[in-house]
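Below you'll find the structure, written out as structure tokens, and then a few comments.
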Amino acid sequence: MSFSFSRKAPKFWERRGPTSLLLWPLSWLYGLVVRMRKLILDTGLVKQKPAPVPVIIVGNIRVGGTGKTPIVIALAERLQQLGWRPGIISRGYGSSSQTAPLQVHGNSDPALVGDEPVLIAKRTHDQFPIWVFPKRQRTIGALLKHSPNVNVIISDDGLQHSGLARWPAREGGRDIEFVVRDGRGEGNRFLLPAGPLREPATRERDATLFTGKTKDIETKLGPQDEYFLGRRAFSLLGHLGNAYQLINPANTQTLAQIADSYLPNKITAVAALGNPQRFFDDLLKQGIAAKSIPLPDHATYTPEFFEKINAQCILITEKDAVKCTTITDERIWVVPMTLALPDSLADWLQSILQRPNPYRYTL
């Protein structure tokens with residue numbers, strides 16, 4: 001029983017070779033479209049209405065997940081501690097077709113609103129209003145109408161969403177654009193389809209958030225990474241917590257206990273993420289050398305899928321768990337991941353969000 005992740009992230013995206021060079025002309029055309037869209041926006045031909053509150057965009061220029069969701073959760077919780085009242089918006093990737101913005105709760109159906117928004121609602125215990133819809137301007141309108149006390153919006157992805165007006169912090173505004181970069185870096189640095197990038201690696205941003213290990217970041221940075229020099233960047237390290245049983249969350253055990261209780265060939269780790277290898281690597285660093293099954297991001301699960309796995313212990317992520325609510329396999333354990341924000345990042349956020357509304361003073 002084998003599973004392939006290649007249809008989500010082809011291997012040739014990681015280094016330049018015959019396939020990527022063959023596809024480069026298509027990447028050039030793609031880049032031309034990106035530049036044309038930016039030119040149209042810069043000339044003001046498309047009217048954009050700014051949000052009445054600051055917007056923090058947590059996005060990536062690389063296709064596939066780079067670890068944005070834990071950052072959104074950490075940002076919302078930290079901003080609340082600082083006295084802000086955050087709301088969260090998302091496209092609801094993986095959701096079925098919608099005609100209007102929908103509010104998300106911890107018990108919402110992931111097939112309807114997307115797995116990541118449900119995970120955010122569950123992890124934050126429905127403390128924050130979360131709304132999903134592809135058109136983010138309408139989503140913000142629905143959220144603020146329902147929760148008028150919200151005074152800052154966190155957008156899960158949306159860097160490439162041209163319908164969302166913004167005045168970024170680097171230009172004197174109070175909207176913030178974060179580019180999340182994991183240990184894979186920018187691969188071969190080509191745009192789609194020859195490489196993994198939706199925009200050039202030199203894309204402007206207010207700050208870069210590194211989610212890989214510090215050593216990985218240092219080895220990935222090369223002579224072409226001048227765009228980091230003099231730019232604001234923060235390293236965010238995740239931490240795997242105690243595992244809890246899917247059918248009985250009150251039943252927990254440490255990863256060390258799991259490593260001691262089962263032979264390595266009796267443990268299987270499953271992950272449907274943008275970068276599932278990171279989950280497997282993090283488990284290995286905790287002493288769990290499990291068999292691994294990487295699946296495409298946002299993949300769905302059935303009881304039959306787990307029944308076919310020959311293991312005494314199956315480890316999954318919390319993002320996977322929100323899609324397994326009807327599965328009663330006692331072998332499945334959920335491994336949560338938490339992420340701490342540096343104080344320097346929180347202080348900088350405060351300084352930007354406290355700026356007066358820049359739109360109010362324009363002539």
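The values are calculated or read from the model by the stated rules, or taken from the named source; none is laboratory data. Since we're looking at a predicted model, the values are computed, not measured. Here the Cβ positions follow ideal geometry from the backbone for every residue, glycine too, while neighbour counts run over all protein chains shown. Each accessible area value is taken on the protein alone, full model and side chains, heavy atoms only, with ligands, DNA and RNA left out. Shrake-Rupley method; radii C 1.70, N 1.55, O 1.52, S 1.80 Å.
What to note about this one:
- Look at (i) 58, 23, 16; (ii) 48, 22, 17; (iii) 34, 25, 20: the one that is semi-axes √(5λ) of the Cα gyration tensor in Å derived from this structure is (iii).
- Between helix 276-285 and the chain there is an angle of about 60 degrees, using the helix long axis and the longest principal axis of the Cα atoms.
- Between segment 133-199 and segment 67-93, the Cα center-to-center distance that results, in Å: 13
- Angle in degrees between helix 68-81 and the longest Cα principal axis of the chain, rounded to the nearest 10: 70
- Heavy-atom accessible area per residue - segment 100-145, 1.4 Å, Å²: 42
- Residue pairs exceeding 22 angstrom between C-alpha atoms, taken from LYS47/LYS68; LYS291/LYS319; LYS68/LYS291: LYS47/LYS68; LYS68/LYS291.
- Annotation: amide H-H contacts under 5 Å for GLY65 (H modelled 1.01 Å from N, sequence separation of 5 or more, or interchain): GLY274, ASN275.
- Charged side chains reduced to their Cβ positions (Lys and Arg at +1, Asp and Glu at -1) give segment 277-363 a dipole of some 280 debye around its Cα centre.
- Label-to-label distance for ASN242 and ALA289 is 2.7 nm, based on points extended 7 Å past Cα in the beta-carbon direction.
- Rounded accessible area of TYR93 (nearest 10 Å², 1.4 Å probe): 100
- Surface composition of the chain: carbon plus sulfur atoms contribute 55% of the solvent-accessible area (1.4 Å probe, protein chains only, all chains present).
- Beta bridges by DSSP in the chain, antiparallel share as percent, to the nearest 5: 25
- Helical contribution to [θ] at 222 nm, DSSP H n ≥ 4, -39,500 (n - 2.57), averaged over the chain, rounded to 500: -8500 deg cm²/dmol
- Helix 136-146 axis versus longest C-alpha principal axis of the chain: approximately 80°, rounded to the nearest ten.
- Inter-probe distance in nm under a simple model that places probes 7 Å from Cα toward Cβ, at HIS161 and GLN253: 4.2
- Given their separation in residues at 0.36 nm each and the Cα-Cα distance between them, GLU204 and ARG15 gain 65.7 nm when the chain is fully extended.
- Relative to the Cα centre, the charge distribution of segment 37-111, modelled as +1 at Lys and Arg Cβ and -1 at Asp and Glu Cβ, gives a dipole magnitude of about 280 debye.
- For segment 104-120, 3J(HN,Hα) per residue [Karplus equation, 6.51 cos²θ - 1.76 cosθ + 1.60, θ = phi - 60°, Hz, x = Gly/Pro]: 10, 10, x, 9, 5, 7, x, 5, 8, 10, x, 6, 5, x, 5, 4, 4
- Listed residues PRO168, HIS146, PRO129: farthest to the positive end of the dipole of segment 127-200 (Cβ charges): HIS146
- Each residue of segment 155-163 was assigned a 3J(HN,Hα) from its phi angle through the Karplus curve 6.51 cos²θ - 1.76 cosθ + 1.60 (θ = phi - 60°); the sequence is 9, 6, 6, x, 4, 8, 7, 6, x Hz, with glycine and proline shown as x.
- Sequence-distant residues sharing a close amide H with ALA269 (under 5 Å, placed H): LYS291, SER292, ILE293, LEU315
- Think of a 1.4 Å ball rolled over the protein heavy atoms: segment 16-85 then has 56 Å² of accessible area per residue.
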